[in-house]
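Engineer: Once you've had a glance at the structure underneath, I'll fire off some questions.
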Amino acid sequence: HEFCALMGPSGSGKSTLLNIMGLLDHPTSGRLFLDGREATGLDDRALTRLRGRSIGFVFQYHHLIPAFTAHENVLMPMLVDRGRPDAGMRSRADELLESVGLARWRDNLANKLSGGQQQRVAVARALAMDPALLLADEPTGNLDTKSAQGVFDLMREVSRSRGTTVLLVTHNHALAEQCDRIVELVDGRIVGDRRV
């Protein structure tokens, strides 16, 4: 249930590590366990199912569907997993939008929201399946200082209240120092691992 920052220069392997942890890439050696389950030998279908149910992703660019509302964007992971929307799924999306402070913007199209609002919708979407692990790749990189701190605080609160493990890739030292732990990579190797 740690809130961990992953830091390192460009080309150090941060994205590769995130892709392996997110079950998007296969490790060249070793074994990978997610939420107590070995994922190394799973086929693509099983990996997709495990990824969809156990991992939330927040990227630097929010990757919302612009023609969909905030509510519809948050519903998307549940629709992919379960098919047709039901009252429980709609209620979950509303609860998540409320938790990120966007309930009154639920019916706004994603492309009509500010950058900070879009990133908060992206966080809500990442939490739709109540994942054990939230991977965030420079989620505040395109935001002003106030919005960046707001998105960071939101993810921090999610980690604390839901027990979600968060791995945050960042170049922002001020944000990293607010995490539980900082892991530093250089040339694909861990060169630092310290508690804050």
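The values are calculated or read from the model by the stated rules, or taken from the named source; none is laboratory data. Values in this document were obtained by computation on a predicted structure and should not be read as measured data. No Cβ is skipped: glycine too gets one built from the backbone with ideal geometry, and neighbour counts run over all protein chains shown. Heavy atoms of the whole protein, side chains included, go into the accessibility calculation; ligands, DNA and RNA do not. Shrake-Rupley method; radii C 1.70, N 1.55, O 1.52, S 1.80 Å.
Engineer: Between R160 and V196, what is the spin-label point distance in nm, taking each point 7 Å from the Cα along the Cα→C-beta axis?
Structural biologist: If labels sit at R160 and V196, their model points lie 1.3 nm apart.
Engineer: Measuring from label point to label point, each 7 Å out along Cα→Cβ, what is the T28 to R45 span in nm?
Structural biologist: Result for the modelled spin labels: 3.1 nm.
Engineer: So if we plug the beta-carbon distance of D153 and D187 into 1/(1 + (r/R0)^6) with R0 = 25 Å, what FRET efficiency do we get, rounded to 0.05?
Structural biologist: Calculated value: 0.20.
Engineer: For segment 1-79, with all protein chains present and a 1.4 Å probe, just round the carbon and sulfur fraction of the accessible area to a whole percent. Mind showing how you got there, number by number?
Structural biologist: On the way: 2340 of 4280 Å².
It is 55 percent, rounded to a whole number.
Engineer: Related question: If I compute solvent accessible area with a 1.4 Å probe over the protein chains, what percent of it on segment 94-190 is carbon and sulfur? Don't skip to the answer; put the middle values down first.
Structural biologist: On the way: 1960 of 4390 Å².
Percent of accessible area from carbon and sulfur atoms in segment 94-190: 45.
Engineer: Would you mind checking which residues have amide H under 5 Å from D25's amide H? H placed 1.01 Å from N; only 5 or more apart, or other chain.
Structural biologist: The answer is I20.
Engineer: On to the next question. Could you give the accessible area per residue of segment 73-196, probe 1.4 Å, as a whole number in Å²? Can you show the working numbers first?
Structural biologist: Working: 6100 Å² over 124 residues.
Result: 49 Å² of accessible area for each residue.
Engineer: Another question, then. For F59, which sequence-distant residues (separation of 5 or more, or a different chain) have an amide H within less than 5 Å of its own amide H, given hydrogens modelled in the peptide plane?
Structural biologist: D137
Engineer: I want to verify the translational diffusion coefficient of the chain in µm²/s; compute it with Stokes-Einstein, Rh as the Kirkwood radius over Cα pairs, at 4 °C and 1.567 mPa s. Working shown, then result.
Structural biologist: Working: Rh = 17.2 Å.
My calculation gives 75 µm²/s for D.
Engineer: Please report the spacing between the Cα centers of segment 115-177 and segment 45-101 in Å, no decimals.
Structural biologist: 15
Engineer: Right, here's the next one. Could you calculate the contour length gain from R104 to L79, that is, 0.36 nm times the residue separation minus the distance between their Cα atoms, to one decimal place in nm?
Structural biologist: Numbers: separation 25, 0.36 × 25 = 9.00 nm, distance 2.23 nm.
Additional length available on full extension: 6.8 nm.
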